[in-house]
Amino acid sequence: MWLAPHLAILKSATLIFSQKRVGRLISRRVEALADDKTVAMVIINPGNPCGNVCTYQHLKMVAETARKLGILVIADEVYGHLAFGSKPFVPMGVFGSTVPVLTLGSLSKRWIVPGWRFGWIVTIDPNDILHKSGIVKRLQSYLEICADPATFTQGAIVQILEKTTEDFFSKIINVLGETADICYNGIDEIPCITCPYKPEGAMSIMVKLNFSLLLDINDDMEFCMKLANEESVIVLPGMAVGLKNWLRITFAVEPSSLRDGLERIKSFCLRHANKQ
Ligand SMILES: Cc1ncc(COP(=O)(O)O)c(C=O)c1O
């Protein structure tokens, strides 16, 4: 079962779709892809687009593989802590003594301010490899030429970080758990789409389109365009994340609007159903 394109190797950024039985298989595929120009592996956890959450064992395997290859790990944890299933969120940084880790974080997800472009990079590197190799210096000089976040975001950031209470975070996780359930169960009622994996984190779910049940729609892009025109519901065509004929549905939506959106997708599918 495909879970997520959450593991990539920075070469020409090849995506590896992690499978349910992870571990040695991933490790062997990454080793086969790596060459002398490979500098890092990227892991997105919790994952966008499938909402998967990596276990401690999975991350340990990633760290050990990177160590064996002599490369660093870039951990995209912009959805960090947004885990509501059976697996707890484990930061990649706990393996910093096995392999140097660059962790990416962002305000937009955990603090629910989409569009506020404010992020950070944390180095977890007790053996000082990133300093000694000049990577930290390079990162700092790159940041000097990047656009700064908007001034109002910079003005608000101190208060946001200092004053957001634990209540806020637990409420967000509860809401995401609830909306993930609504979405997963709602999709079950829609004939032309199936969801092989219930998200355990992040904010989106991947579903597969069954074109044999649809009369006049031929691919994911056409599905999304017609759905937007006819029902004013926006979902992402899978081709945008490398999965043609899948759809990415975001469930970071207020429950009543989410139910309404799912009903509209259902009506749309019934209207375009192959009646034969
Ligand atoms: C996996 C992942 N990383 C990074 C980002 C960028 O986050 P932002 O620009 O909102 O801080 C996103 C945004 O959707 C994302 O899904």
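Here the Karplus relation 6.51 cos²θ - 1.76 cosθ + 1.60, evaluated at θ = phi - 60°, turns the backbone of the stretch 160-168 into coupling constants of 4, 5, 7, 9, 6, 9, 4, 3, 4 Hz, with x for every Gly and Pro.
Which residue, chosen from Val94, Ser212, Ala147, occupies the Cα position most advanced towards the positive end of the dipole of the chain, where the dipole is computed from +1 (Lys, Arg) and -1 (Asp, Glu) charges on Cβ about the Cα centre? Going by the Cα projections, it comes out as Val94. The residues neighbouring Val78, those whose beta-carbon lies less than 14 Å from its own, together hold a net charge of +1 under the Lys/Arg +1, Asp/Glu -1 convention. Here the 3J(HN,Hα) profile of the stretch 137-145, calculated from phi with Karplus coefficients 6.51, -1.76 and 1.60 at θ = phi - 60°, is 4, 4, 4, 5, 6, 5, 5, 5, 9 Hz, Gly and Pro shown as x.
What does the charge add up to near Cys269, with Lys and Arg as +1, Asp and Glu as -1, over the other residues with Cβ less than 14 Å from its Cβ?
Details: positive: Lys208, Lys226, Arg264, Lys266, Arg271, Lys275; negative: Asp188, Glu189, Asp216, Asp220, Glu222, Glu230, Glu231, Glu263.
Within the 14 Å Cβ shell, the charges total -2.
Think of each Lys and Arg Cβ as +1 and each Asp and Glu Cβ as -1; about the Cα centre, that makes the dipole of the stretch 2-163 roughly 520 debye. Distance from the Cα centroid of the stretch 157-232 to that of the stretch 79-100 is 23 Å (rounded to whole angstrom).
A Förster radius of 35 Å, combined with the Cβ-Cβ distance separating Lys244 from Leu270, puts the computed FRET efficiency at roughly 0.90.
Label points 7 Å out from Cα along the Cβ direction at Asp128 and Glu222: separation in nm? With each label placed 7 Å out from Cα toward Cβ, I get 6.2 nm.
Antiparallel beta bridges, as assigned by DSSP with both residues in the chain, represent about 75 percent of the total such bridges.
Show that you can apply the helix-only estimate: for the chain, add -39,500 (n - 2.57) for every DSSP H stretch of four or more residues, divide by all residues, and state [θ] at 222 nm to the nearest 500.
One gets -12000 deg cm²/dmol as the mean residue ellipticity at 222 nm.
The amide H of Ile74, built 1.01 Å from its N in the peptide plane, has Met41, Val42, Ile43, Leu102 as neighbours under 5 Å, considering only residues 5 or more places off or on other chains. Distance between the pseudo-spin-label points of Glu166 and Ile121 (7 Å out from Cα toward the beta carbon): 3.3 nm.
Under 5 Å from the amide H of Gly201 lie the amide H atoms of Phe84, each residue being 5 or more positions distant or on a separate chain, with H modelled from the backbone and absent for Pro and chain starts. Shape analysis of the stretch 2-163 yields a ratio of the Cα radius of gyration to the Kirkwood radius, Rg/Rh, of 0.97. With the simple spin-label model, which puts each label point 7 Å out from Cα in the Cβ direction, the Ser212 to Ala32 separation comes to 2.9 nm. Kirkwood hydrodynamic radius computed over the chain comes to 20.3 Å, based on all pairs of distinct alpha carbons.
In terms of packing, defined here as the mean over residues of other Cβ atoms within 10 angstrom, the peptides 26-36, 151-161, 89-99 line up highest first as 89-99, 26-36, 151-161.
Once a ≥ b ≥ c are taken as the square roots of the eigenvalues of the Cα gyration tensor of the stretch 167-271, is the result rounded (a/c under 1.5), prolate (a/b larger than b/c) or oblate (a/b not larger than b/c)? Prolate shape, in that a/c is at least 1.5 and a/b is the bigger ratio. For Glu144 and Gln57, the difference between the fully extended length at 0.36 nm per residue and the C-alpha to C-alpha distance is 27.6 nm. Net charge of the neighbourhood of Leu243, taken over other residues with C-beta under 11 Å away and scored Lys/Arg +1, Asp/Glu -1, is +2.
Between the amide H of Ala150 and those of Arg117, distances stay under 5 Å, these residues lying 5 or more places away or on another chain, with hydrogens modeled in the peptide plane. Stokes-Einstein, applied to the Kirkwood radius of the stretch 64-130 over Cα pairs at a viscosity of 0.890 mPa s and 25 °C, places its translational diffusion at 189 µm² s⁻¹.
Read-outs: derived from the displayed coordinates by stated rules, not from any lab. Computed from a prediction, not measured in an experiment: that's the story for all the values here. Cβ atoms come from the backbone with ideal geometry, glycine included; neighbour counts cover every protein chain shown.
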